[in-house]
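J.: Quick one: structure below, then a few questions.
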Amino acid sequence: MRESDRPLSLRVSILDRVPSQSDSLPEPLAGGPVMQGLNVGSVRLAFSDGDHRVYVGLAGPGDRLFLWSENKFGAGGGIGPREILATVGARVQSGWGDGGREVVGIVSDEVMAVHVGGTEAVLVNNVFVAVGAFPDDPIVLTTAAGERTVQRPTLHRGGS
């Protein structure tokens, strides 16, 4: 099924883009356990800024989405159900970047802006990147229907 045939709340249009050479995943990732079920031909480079890259793709079994983020500090990602875009609002992960902690996620085409805590995220190609945000900061999505807070478990920040 093409993304353009999906309901707006589940549509990830970057996946309909014609593939380019920049969409190729890094070699070390190609055989890893995260790749099980990944449709490698569906992977698209959704965000690139210096050494920071975020990829999205399709995976099975079922209708699942792949999210991978990498930079000079490391890399991480995984596969999860697409319906989370409609039920929760976004597929989210966190890590470290040049600006400290960062929160990265996939959103559907209906999302026009993303704020994570007090940080306005960069939103491009169905991917958002919020540098300086903490994993448990509230994520607020803006759509034509208004604002929606992503429902996620609360994480402990540590410290005294």
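J.: So, of the residues in the stretch 123-140 that are in a strand (DSSP E or B) and either surrounded by 24 or more Cβ atoms within 10 Å (Cβ to Cβ) or touching a residue at least 60 places away in the same chain (Cβ under 8 Å) (or both), which turns out to be nearest to the chain's Cα centre (by Cα)?
T.: Initial filter on the stretch 123-140 (in a strand (DSSP E or B)): 123-124, 127-131, 139-140.
From what's left, either surrounded by 24 or more Cβ atoms within 10 Å (Cβ to Cβ) or touching a residue at least 60 places away in the same chain (Cβ under 8 Å) (or both): 124, 127-130, 139.
On the way: 124: 10, 127: 5, 128: 6, 129: 8, 130: 11, 139: 13 Å.
Among them, the one singled out is 127.
J.: Of the residues 146, 99, 74, which is over 13 Å from the mean Cα position of the chain (by Cα) and within 20 Å of residue 35 (Cβ to Cβ)?
T.: On the way: 146 fails: within 20 Å of residue 35 (Cβ to Cβ); 99 fails: within 20 Å of residue 35 (Cβ to Cβ).
After applying the criteria, what remains is 74.
J.: Right, something else. Can you tell which of 110, 120 is charged (D, E, K, R) and free of Cβ contacts under 8 Å to residues at least 12 places away in the same chain?
T.: Details: 110 fails: free of Cβ contacts under 8 Å to residues at least 12 places away in the same chain.
120 is the lone residue from the list that is charged (D, E, K, R) and free of Cβ contacts under 8 Å to residues at least 12 places away in the same chain.
J.: Something else now. Find the residue count for the stretch 34-66, including only residues that are in a strand (DSSP E or B), of a type outside the set (A, V, I, L, M, F, W, C) and in contact with a strand residue (DSSP E or B) (Cβ under 7 Å, 6 or more places away or on another chain). Full working, then the answer.
T.: Here is the first cut: in the stretch 34-66, the residues in a strand (DSSP E or B) are 38-49, 52-59, 64-66.
Next, from what is left, pick out any that are of a type outside the set (A, V, I, L, M, F, W, C): 39, 41-42, 44, 48-49, 52-53, 55, 57, 64.
Filter once more, so that each one left must be in contact with a strand residue (DSSP E or B) (Cβ under 7 Å, 6 or more places away or on another chain): 39, 42, 44, 52-53, 55, 57, 64.
Qualifying residue count for the region: 8.
J.: Could I ask something else about it? Could you run through the stretch 67-117 and say how many residues are part of a strand (DSSP E or B) and among the hydroxyl-bearing types (Ser, Thr, Tyr)? Let's see the steps before the verdict.
T.: Narrowing the stretch 67-117 to residues part of a strand (DSSP E or B): 67-71, 74-81, 91-97, 100-106, 111-116.
Still in the list and also among the hydroxyl-bearing types (Ser, Thr, Tyr): 69, 94.
So the count comes out to 2.
J.: Which one is nearest to residue 124 (Cα to Cα), of the residues in the stretch 4-22 that are crowded, with 16+ Cβ neighbours inside 10 Å and aliphatic (A, V, I, L, M)?
T.: 14
J.: Output the residues belonging to the stretch 23-82 that are β-branched (Val, Ile, Thr) and modelled with pLDDT of 85 or more. Show your work before the answer.
T.: Filtering the stretch 23-82 for residues β-branched (Val, Ile, Thr) gives 34, 40, 43, 54, 56, 79.
Listed by number, the residues that qualify are 40, 43, 54, 56, 79.
The values are calculated or read from the model by the stated rules, or taken from the named source; none is laboratory data. If you're wondering where the values come from, they're calculated on a predicted model, not measured in any experiment. Reconstructed Cβ throughout: ideal geometry from the backbone, glycine too, with neighbour counts over all protein chains shown.
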